[in-house]
Every structure is written in C-alpha cells, then in structure tokens.
1. Name the pairs: first residue in segment 187-205 and closer than 19 Å to residue 106 by Cβ, second residue crowded, with 17+ Cβ neighbours inside 10 Å and of a type in the set (D, E, K, R), Cβ to Cβ under 7 Å, at least 6 apart or on different chains?
2. Need pairs with beta-carbon distance below 9 Å; first residue touching a residue at least 40 places away in the same chain (Cβ under 8 Å) and within segment 119-146, second in a helix (DSSP H, G or I) and basic (Lys, Arg); sequence gap 6+ or separate chains.
3. May I ask you to verify whether residue 189 is surrounded by 15 or more Cβ atoms within 10 Å (Cβ to Cβ) and within 14 Å of residue 117 (Cβ to Cβ)?
4. For segment 288-305, how many residues meet the condition of being of a type outside the set (Val, Ile, Thr), assigned to a strand (DSSP E or B) and surrounded by 14 or more Cβ atoms within 10 Å (Cβ to Cβ)?
5. Quick one: which of 147, 115, 126 is within 26 Å of residue 192 (Cα to Cα) and β-branched (Val, Ile, Thr)?
6. Take segment 127-140 and flag every residue that is in a loop (DSSP other than H, G, I, E, B) and aliphatic (A, V, I, L, M).
7. For the structure I just gave you, tell me whether residue 182 is in the same structural domain as residue 210 (by TED's automatic domain parsing), within 26 Å of residue 47 (Cα to Cα) and polar (S, T, N, Q).
8. Within segment 141-150, can you find the residues that are modelled with pLDDT of 80 or more, assigned to a loop (DSSP other than H, G, I, E, B) and not small (Gly, Ala, Ser)?
Amino acid sequence: MSDVLSQNEIDNLLAAISSGELDAEEIKHANEKHVKNYDFARPSKFSKEHLRTLNIIFEHYGRLLSTNLPAYLRKNVQVEVINSEAVTYSEFTNALSNPVLLGIVDFSPLEGSIIIEFSDNLGYAIVDRMLGGGGYPLEKVRDFSEIELSIMERIFNICTNLLREPWTNVIELEPRLIRIETNSQFAQIISPSEMISLVTLKIKVGNIEGLMNICLPYVCLEKVIDKLNTKYWYSTMQLRDDKSYKDLIEVAISKAKVPLRAVLGKSTISVNDFMNMQSGDIIKLNSKVDDELSVYVGNLFKFTALPGASSGSYAVKISTIIRGEE
C-alpha cells in the first residue's frame, strides 16, 4: 500500500506547484523507466575502461617506438597516441585506401591475429630514409615494389617485437609477423560485423607526419578482456618482483662504456719551458720505472697496475683494486 500524505504535506506540495518550484509533468513521469537503445549490429563489447587500459598499453608502446626506430631511420621519431575507439571491422577496412601497408600479426598465445597499418606517406618516407634519402614521401602515390616491401618488412618486424613488453602485465605475448598486404581486400581476418578496438598513433619522422593504426579484434582479446582494466593493471605493477627490475638495471649498466686511463706519472713545468719544448726533449716524471701505475675509471682512482705489452700493444696488468672505503 502506498504511503498516505498528511494534510501538512499536501498543503506544502500544492504550494510548491503553484509557485513553480515543482512541475506537475515531472512528477507524473518521475517513476517511468528510461529505455536505452541497443544496436545489435554494434554490440558494445569494449567498455570505456577497456579502451582506457589499451590507451595506457600503447602509450608505453609509443615510447618504445620513439626510442628504437631512430637507430634504424637515423632521424628523430616522435610517437603519440591520438585515440582508441571501438568500431566494426568493416568500418576500419572501408576507411582504408589502396595501396595500403597492412601487417598481419599472429598474436600468440591469444587466438587470431591483429593488424598494424602504416599510412602510405609514412611508408614511403621510411623507405626513402632506409635507402639513404632525406625521408620524404612520394608526390604521386603508386604501388609498393617488392624491394620496398622487403624494407618495410624489417620495420614491421621491429614494431611487432616491441609489442611484447607493453603487454607483460596482461599476458606474455609471442607476436609474429605473418605477411604484409597492400590491398585491404586480402586482409579479411575476421567477419566484417565483428567489433574491434582501433588504436591510432601519430608518428613523426623528422618533419614528416603519418598515422599508424592498430586493429585489435574482440575475438582475439576475449580471453584477457577481464585483465584490461586499470585496477588490475596497477595491482600487477605493484606486485611485480623488484628483483626483476634490479636485474634489468644491472644488465643495462653492465653494457655502458666508461673511459679507462693508466697514468705513467706527473710532472710540473713552467709555461716558458712548455712554449720552447722541442722534439727529443725529456720530461722528468715523479714516478720510478718499477713503480706501479695509477689506473683511473673516469676520474676515480680504482686500480694500480704494472706496465707491459699484449699482442703488440701497450697494456697494464692490474695488481691492486682500490675499494671505496680505502
């Protein structure tokens, strides 16, 4: 049974309606349920949370591209994630022009494949740069030759291998480039009505800008779709073993090159003697022939050593290690 209003509540309600504070029509429709339209042709399989997490993954991927591609293109590369959205596969393929550069990538251990697409102007600029040019696109669009596709295959392989690290928090990927297509009709990896997540990156090579689209079908990500949320993402990042980071840092540091110099001795001369120095003059050092040499790593005194030779070159043999506390 509905609640019965008191006379005082009825008087207050009538006063609010007469003064305009309440609208009778709003009260009439207050309990009506609002129906939301649902498009069965475009089921919403990717939530905003999924797209936000994919955005984070590919921001990491963009940073890897911007640090790895300059080694091959010998030019500054800037990568920025522009957008991530859920569309049907037919909408993606209908927007493609011919010729186009499509890399079909096996997304093992997940089922199915993904597509990496380079815009044609970016592809021509990369080929031009790889062949020693200035990195400029063609004025007139044409099909890619077999040689140009072989060059782009190397870039596609680099981009494919860099996918491993950003996805580590979700799954250990083993991506592999299957083939490159220049016609979108030969890249029908799923049904046209299937939903995909489309991540768009803007890549700038020198002064040339182009787009890179990554097509991720829902059927491919279905097994890990529950892990594509920021809560899971950050919790796995916090639980990651600190030792793995320590090992990675140690490996990176161990490959760094540092200057090493062995000092035979030191001497002090006047500026006048230095100005009048001739070939054959002798400079007396402050060390003896049988004294150990001081070996510096950078500007730090780290070793003492004995002079000698190895394979026809001058060399020193470490005799003492100078510890930090010494």
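The values are calculated or read from the model by the stated rules, or taken from the named source; none is laboratory data. As the structure is a computational prediction, the values presented were derived from the model and not from experiment. Here the Cβ is made from the backbone with ideal geometry for all residues, glycine too, and neighbour counts use every protein chain on show.
1. 187/181
2. Listed by first residue and then by second, the contacts come to 130/154; 135/129; 136/129.
3. Values: surrounded by 15 or more Cβ atoms within 10 Å (Cβ to Cβ): yes; within 14 Å of residue 117 (Cβ to Cβ): yes.
Judged against the criteria, residue 189 is a match.
4. Residues of segment 288-305 of a type outside the set (Val, Ile, Thr): 288, 290-294, 296, 298-303, 305.
Now narrow it down to the ones that are assigned to a strand (DSSP E or B): 293-294, 296, 300-303, 305.
With surrounded by 14 or more Cβ atoms within 10 Å (Cβ to Cβ) added as a condition, the list becomes 293-294, 296, 302-303, 305.
Going through segment 288-305 one residue at a time, the tally reaches 6.
5. Numbers: 147 fails: within 26 Å of residue 192 (Cα to Cα); 126 fails: within 26 Å of residue 192 (Cα to Cα).
Matching residue, one of 147, 115, 126: 115.
6. If we filter segment 127-140 for residues that are in a loop (DSSP other than H, G, I, E, B), which is where we start, we get 131-140.
131, 138 - these are the residues of segment 127-140 that are in a loop (DSSP other than H, G, I, E, B) and aliphatic (A, V, I, L, M).
7. Values: in the same structural domain as residue 210 (by TED's automatic domain parsing): yes; within 26 Å of residue 47 (Cα to Cα): no; polar (S, T, N, Q): yes.
Considered against the rule, which asks whether it is in the same structural domain as residue 210 (by TED's automatic domain parsing), within 26 Å of residue 47 (Cα to Cα) and polar (S, T, N, Q), residue 182 comes out as no.
8. Going through segment 141-150, the residues modelled with pLDDT of 80 or more turn out to be 142-150.
This time we only want the ones that are assigned to a loop (DSSP other than H, G, I, E, B), so: 142-145.
Scanning segment 141-150 gives 142, 143, 144.
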